1. Take T185 and tell me if it is touching a residue at least 24 places away in the same chain (Cβ under 8 Å) and either more than 13 Å from the ligand (Cβ to nearest atom) or in a loop (DSSP other than H, G, I, E, B) (or both).
2. Checking T306 against (1) loosely packed, with under 14 Cβ neighbours inside 10 Å; (2) within 16 Å of the ligand (Cβ to nearest atom), only one condition comes out false. Which one?
3. Determine, yes or no, whether G211 is touching a Cys at 6+ places or on another chain (Cβ under 9 Å), touching a residue at least 40 places away in the same chain (Cβ under 8 Å) and under 30 Å from Q262 (Cβ atoms).
4. Within segment 149-171, is even one residue under 17 Å from the mean Cα position of the chain (by Cα), within 11 Å of the ligand (Cβ to nearest atom), under 26 Å from S14 (Cα atoms) and modelled with pLDDT under 95?
5. Are any residues in segment 84-118 over 17 Å from Q2 (Cβ atoms), surrounded by fewer than 22 Cβ atoms within 10 Å (Cβ to Cβ) and modelled with pLDDT of 95 or more, and if so, which ones?
6. Given the criterion under 25 Å from Y242 (Cα atoms), touching a strand residue (DSSP E or B) at 6+ places or on another chain (Cβ under 9 Å) and at pLDDT 95 or above, identify the matching residue among V289, V269.
7. I'd like the full set of residues that are near the ligand (Cβ under 9 Å from one of its atoms) and not aromatic (F, W, Y), limited to segment 172-182.
8. Within segment 64-103, which residues are more than 16 Å from the ligand (Cβ to nearest atom) and touching a strand residue (DSSP E or B) at 6+ places or on another chain (Cβ under 7 Å)?
Amino acid sequence: MQVLITGGAGFIGSHLAEALLQRGDSVSILDNLSTGSYNNIAHLITHPRFSFAIESLNNDLVLDRLASQADAIVHLAAAVGVQLVVERPTETIETNVIGTHTVLAAARRYRCRTLIASTSEVYGKSAEIPFKEENDLLLGPSSHSRWGYAASKLLDEFLGLAAYREYQLPVTIVRFFNTVGPRQTGRYGMVIPRFVQQALRGAPITVFGDGNQSRCFCHVADVIRALTALLDQPALTAGEIYNIGSDEEVTINQLAEQVSRQADSASTVTYIPYNEAYAPGFEDMRRRVPNIDKIRRTVGWSPGHTLTDILTDVLAYERERMIGGQGIARSGE
Ligand code: UDP
């Protein structure tokens, strides 16, 4: 199968590219390197079944050519990370909505099997834990930039499902929960690479808010297994939405403690109020836990890595980067 991955030089995209190549597929990547990194795919460029274009989704000519050669498109290109979303809300909304519109138009032209990445952010402040795909969604007010991200990804979901209903395009929506693992950068606010880097440097571990908010962290290798399983089942999964995440819940305080312990670090925790960490009036999600019955039932997927496994892998990755020198650490972000 020939697979086009938009955002393929990013954290999840580059792991997906590797996995697809490994099992014999051909992969092309379209990425403007806004948050992705060439370093993530540099080791793949000599592979005979791999190609890439450093270009924006808005370049219709390039997107059209790549889509015309693809059997499937995995659309991962999107604005990434809460910090960026709060700082650059216009770019976030435009990237997400216009990007998905453009990808779906190209997919329709060549009838590509399409997977669209959405996010657990769309559940917003919903109190029905664990979050189920068919739950009602509860977003905060539009005066808070944060919700623009959720709203734009929700619109992406509507666009994808509309293409399925109106044009029978085999579109599947995946809602990623917190995905972590080697190669994820802490530059856009993601908590695990940040805590691990802080612990290894002996710097204070920065917990935002009171640290009693909770998350479930899923290893990127498990996420890739989920994506390939769904990709392979268009008949079963077209027109459907799937949560992809772990259901092992941990508070950010517990996470800080576990990172410090596994890193054997002398770092202490420092608490930073949300309005200093993000922006005045920032609303965090207190709990975020997926219900993963649907994907388990459909393709037999469940996560295989525990939080301990995840931290072991991220610690090894970050240690290697530190040994490799600061130059590599910076450009690898
Ligand atoms: N967080 C934190 N310290 C940091 C970065 C993040 O306490 O240095 C918190 C953040 O406020 C959130 C959780 O960790 O409650 C997960 O943040 P992340 O940005 O990784 O993902 P989110 O779940 O917000 O999309």
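The values are calculated or read from the model by the stated rules, or taken from the named source; none is laboratory data. These numbers come from a predicted model, not from an experiment. Ideal geometry is used to build each Cβ from the backbone, glycine not excepted, and the neighbour counts take in all protein chains shown.
1. yes
2. Here T306 clears every test but (2).
3. Here the answer is no, as G211 does not meet what is asked.
4. yes
5. If the condition is that a residue be over 17 Å from Q2 (Cβ atoms), surrounded by fewer than 22 Cβ atoms within 10 Å (Cβ to Cβ) and modelled with pLDDT of 95 or more, then V97, I98, H101, T102, A105, R108 are the ones that fit.
6. V289
7. Within segment 172-182, N178, V180 meet the criteria.
8. The answer is L66, A67, Q69, A70, D71, A72, I73, V74, H75, A77, T100, V103.
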